[in-house]
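Only one structure is covered here, and it is reproduced in the block below.
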Amino acid sequence: MAVLGTVLSLLVLGIAARIFQRGRALRVRGVRVTGTCINVSAPSHGTLSVQVRYSAEGSERVAILGPFTFPPAHIGESMEVVYDPRDFGNTETPERITDGRFNMAVMVVASVVLVASLATLALG
């Protein structure tokens, strides 16, 4: 049971840390631009993704954003996006940029579970 707790807490900790880092990068150095929705698709049941074209540092970029229950724009409409100039794969709509509080709380809980699991393994 302690091994399972260790593995799961490491997995949750890694995912939460990655989400926190991506959101922080957009909050700190993100660049807000207006793009154009070029496609709306339904990759899975009940959710939609939006493909948006925007200009960044002199070139055209395309990002697929989602999932959305309701798309923020329809094909041909303008929409705001924020991109990370160091990682163009990190692009999001302004309202979906995480503030980091929830992910920080998840990381704290996962860290506590990790320490408890490792202590249980060590003490046998």
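For the reader, a short list of remarks on this structure follows.
- Residues located in the range 41-70, provided they are closer than 13 Å to Gly89 by Cα and among the hydroxyl-bearing types (Ser, Thr, Tyr): Tyr54
- Residue match in the range 68-85 (condition: out of contact with any helix residue (DSSP H, G or I) (no Cβ under 6 Å at 6 or more places or on another chain), β-branched (Val, Ile, Thr) and not in a strand (DSSP E or B)): yes
- Residue that is most open to solvent (accessible area, probe 1.4 Å) [pool: residues in the range 90-124 that are polar (S, T, N, Q) and either in a helix (DSSP H, G or I) or touching a residue at least 60 places away in the same chain (Cβ under 8 Å) (or both)]: Thr120
- Residue check for Arg32: within 12 Å of Thr91 (Cα to Cα), in contact with a helix residue (DSSP H, G or I) (Cβ under 8 Å, 6 or more places away or on another chain), modelled with pLDDT of 95 or more and open to solvent by 90 Å² or more (accessible area, probe 1.4 Å): yes
- Leu4 passes every criterion in (1) touching a strand residue (DSSP E or B) at 6+ places or on another chain (Cβ under 9 Å); (2) exposed (fewer than 13 other Cβ atoms within 10 Å of the Cβ); (3) more than 16 Å from Arg96 (Cα to Cα) apart from (1).
- Residue within the range 71-81 that is at pLDDT below 90 and either open to solvent by less than 60 Å² (accessible area, probe 1.4 Å) or among the charged types (D, E, K, R) (or both) present: no
- Condition check for Val40: within 20 Å of Val12 (Cβ to Cβ) and either hydroxyl-bearing (Ser, Thr, Tyr) or modelled with pLDDT of 90 or more (or both): no
- Close pairs (8 angstrom Cβ cut-off, 6 or more residues apart or separate chains): part of a loop (DSSP other than H, G, I, E, B) in the range 19-46, at pLDDT below 95 and among the polar types (S, T, N, Q) anywhere: Gly46/Thr69
The values are calculated or read from the model by the stated rules, or taken from the named source; none is laboratory data. The structure displayed is predicted, hence computed values, not measured ones. Note that each Cβ is placed from the backbone with ideal geometry, even for glycine, and that neighbours are counted across all protein chains shown. For accessibility, only protein heavy atoms count, side chains too; no ligands or nucleic acids. Shrake-Rupley method; radii C 1.70, N 1.55, O 1.52, S 1.80 Å.
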